[in-house]
Amino acid sequence: MVIEGIITTENPDGSPHLAPIGPHVDEALTRWELKPFQTSTTFSNLRRTNRGVFHVVDDALLMANAVLGRCRHAKELLPLSDSFRASFENEHGWVLVDACRVFGLEILRWDVSQPRANAECRLTLNRELRAFWGWNRAAHSVLELCILASRLHLLPHDEVQRERERHQIIIEKTAGQRERAAWELLNRHLSQ
Ligand SMILES: Cc1cc2nc3c(=O)[nH]c(=O)nc-3n(C[C@H](O)[C@H](O)[C@H](O)COP(=O)(O)O)c2cc1C
């Protein structure tokens, strides 16, 4: 099965990079496989460092910003060593302090024979930072629109517009402030 969230990786200059990702996991969240496209910055960083930090989040606006590449200097990122000092003093990595759960991943094995690489990981950290806020249809719709935004170059225009209109109805019914702000950003991007 797949869990959707946000991964932070480290750029060659030591700065953090942030992107949505859907690792394949087992239900107990003990087995992890990342499947980054080899064209992505996330792939290059993972390939170089073999380290990433995966976050379970409940913030639709953060997800939208991340997929649109608007999080390069996110204030809410802290080095792993500052967040979990005792056990991670010498580790490189970045933690989203507003995440619900944080999973440190070390890549043990790569398969780069396909455009979407496969990276088998070992868990180096598994912490809950705070409770998950809860479900909301608007947040799920934002997640679907984020997926559309990341595949815009692959999908027929009509299909994107149909999906955009369908999700707009759900967002209007159930969104809070952050889902609305996410909708504004994504709608602008998908209408181009
Ligand atoms: C919910 C969600 C899950 C995603 N999962 C993946 C994934 O597993 N692998 C991947 O390569 N891209 C995935 N993407 C797309 C990337 O986040 C997107 O292409 C991003 O722009 C790549 O980022 P980067 O080049 O900044 O690393 C996902 C996007 C969303 C919204």
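We did not get these values from a lab; they are worked out from the coordinates using the rules stated. In this text the structure is predicted, and so the values were computed from the model without any measurement. Using ideal geometry, Cβ is built from the backbone for each residue, glycine included, and neighbour counts are taken over all protein chains shown.
Among LYS173, LYS35, the ranking by other beta carbons within 10 Å of each residue's beta carbon, starting with the fewest, stands as LYS173, LYS35. In this simple spin-label approximation, GLU159 and THR49 carry label points 7 Å from Cα along the Cα→Cβ vector, and these lie 3.4 nm apart. With a Förster radius of 41 Å applied to the C-beta separation of LEU29 and SER191, the computed FRET efficiency comes to 0.65.
Once fully extended, how much extra length lies between LEU108 and ARG130, figured as 0.36 nm per residue of separation less the alpha-carbon to alpha-carbon distance?
Details: separation 22, 0.36 × 22 = 7.92 nm, distance 2.88 nm.
Stretched fully, the LEU108-ARG130 segment lengthens by 5.0 nm.
The distance separating the Cα centre of the stretch 133-191 from that of the stretch 10-71 comes to 20 Å.
Given +1 at the Cβ of Lys and Arg, -1 at the Cβ of Asp and Glu and no other charges, the dipole of the chain around its Cα centre is 200 debye to the nearest 20.
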